[in-house]
Amino acid sequence: MTGNQTFTIIKPDAVKSEYIGAILADIQKAGFAISALKYVRMTVAQAEAFYGVHKERPFFPDLVTFMTSGPIVVAILKHDNAVEEYRKLIGATNPANAAEGTIRKKYAHNVQENAVHGSDSDENAAIEGNFFFSQCERF
Ligand code: GDP
């Protein structure tokens, strides 16, 4: 049984490049419904908590600096088999390896500044959605 919800971030690089509208349009054209949406800037403490699973990775300090470098758009998305379908829509972590037509292929700059986040499991989709949204902010 797979869940019908995933969580995404339009990252600071894509916001700075004015891709918010294009990325949300691609998400909706692919059949995802927006269940929650907002424009925020993470503090360093919030970014360290959000990416806690990566804290031993060599790129962790750079990732936290990048993710707090400007505002982001966070959203909960609904679709059948949402986590897997959204990972297909965004493409590989490194845009150099991402398939044609994927969001990362179209809008990402490099392996770190890769335009969007997408949850990697139903469990993390729920944790990440709850990190940013209260019950009255989701529909
Ligand atoms: P994702 O699930 O496809 O986002 O990839 P990961 O969970 O492995 O990594 C989380 C985020 O860390 C990625 O989206 C990138 O922004 C960043 N990242 C991953 N691998 C690297 C890397 O090798 N170098 C750098 N600088 N950043 C990375």
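The values are calculated or read from the model by the stated rules, or taken from the named source; none is laboratory data. It should be emphasised that the depicted structure is a prediction, and the values quoted were computed from it without experimental measurement. Ideal geometry is used to build each Cβ from the backbone, glycine not excepted, and the neighbour counts take in all protein chains shown. SASA here: full protein model, heavy atoms, side chains in, ligands and nucleic acids out. Shrake-Rupley method; radii C 1.70, N 1.55, O 1.52, S 1.80 Å.
Picking from Thr65, Thr93, which residue would you name as being part of a loop (DSSP other than H, G, I, E, B), of a type in the set (Ser, Thr, Tyr) and within 13 Å of the ligand (Cβ to nearest atom)?
Result: Thr93 is the single residue among Thr65, Thr93 that is part of a loop (DSSP other than H, G, I, E, B), of a type in the set (Ser, Thr, Tyr) and within 13 Å of the ligand (Cβ to nearest atom).
Pick out the one residue from Glu48, Glu128, Glu84, Glu113 that is modelled with pLDDT of 95 or more and more than 16 Å from Lys11 (Cα to Cα).
Numbers: Glu48 fails: more than 16 Å from Lys11 (Cα to Cα); Glu128 fails: more than 16 Å from Lys11 (Cα to Cα); Glu113 fails: more than 16 Å from Lys11 (Cα to Cα).
Just one listed residue meets the conditions, Glu84.
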- [ ] Mind listing whichever residues of segment 109-123 are surrounded by fewer than 16 Cβ atoms within 10 Å (Cβ to Cβ) and either without any contact (Cβ under 8 Å) to a residue 40 or more places away in the chain or near the ligand (Cβ under 8 Å from one of its atoms) (or both)?
- [x] Asn110, Val111, Asp120, Ser121, Glu123
Open item on the list: I want to confirm something. Restricting to segment 1-33 and keeping residues that are of a type in the set (Gly, Ala, Ser) and either out of contact with any Leu (no Cβ under 6 Å at 6 or more places or on another chain) or not in a loop (DSSP other than H, G, I, E, B) (or both), which single residue is least open to solvent (accessible area, probe 1.4 Å)?
Closed with: Ala14
Open item on the list: Can you tell me which of (1) free of Cβ contacts under 8 Å to residues at least 40 places away in the same chain; (2) among the hydrophobic types (A, V, I, L, M, F, W, C); (3) out of contact with any Phe, Trp or Tyr (no Cβ under 7 Å at 6 or more places or on another chain) is the one Phe66 doesn't meet?
Closed with: (1)
Task: Flag if Glu85 is within 18 Å of Glu123 (Cα to Cα), assigned to a helix (DSSP H, G or I) and not aliphatic (A, V, I, L, M) - done: yes
- [ ] Return the residue satisfying two criteria in turn: it lies in segment 34-86 and is under 13 Å from the mean Cα position of the chain (by Cα) and among the hydroxyl-bearing types (Ser, Thr, Tyr), and of such residues it is surrounded by the most Cβ atoms within 10 Å (Cβ to Cβ).
- [x] Tyr86
Task: Qualifying position, being aromatic (Phe, Trp, Tyr), over 15 Å from the mean Cα position of the chain (by Cα) and open to solvent by 60 Å² or more (accessible area, probe 1.4 Å), among Phe131, Phe139 - done: Phe139
Task: Every residue from segment 15-37 that is farther than 17 Å from Ser119 by Cβ and in contact (Cβ under 8 Å) with a residue 60 or more places away in the chain - done: Ser17, Tyr19, Ala22, Asp26
Task: Pairs where the first residue, in segment 97-108, is more than 15 Å from Ile10 (Cβ to Cβ) and surrounded by 11 or more Cβ atoms within 10 Å (Cβ to Cβ) and the second is modelled with pLDDT of 95 or more and aliphatic (A, V, I, L, M), C-beta under 6 Å, 6+ apart - done: Ala98/Ala92; Lys105/Ala98
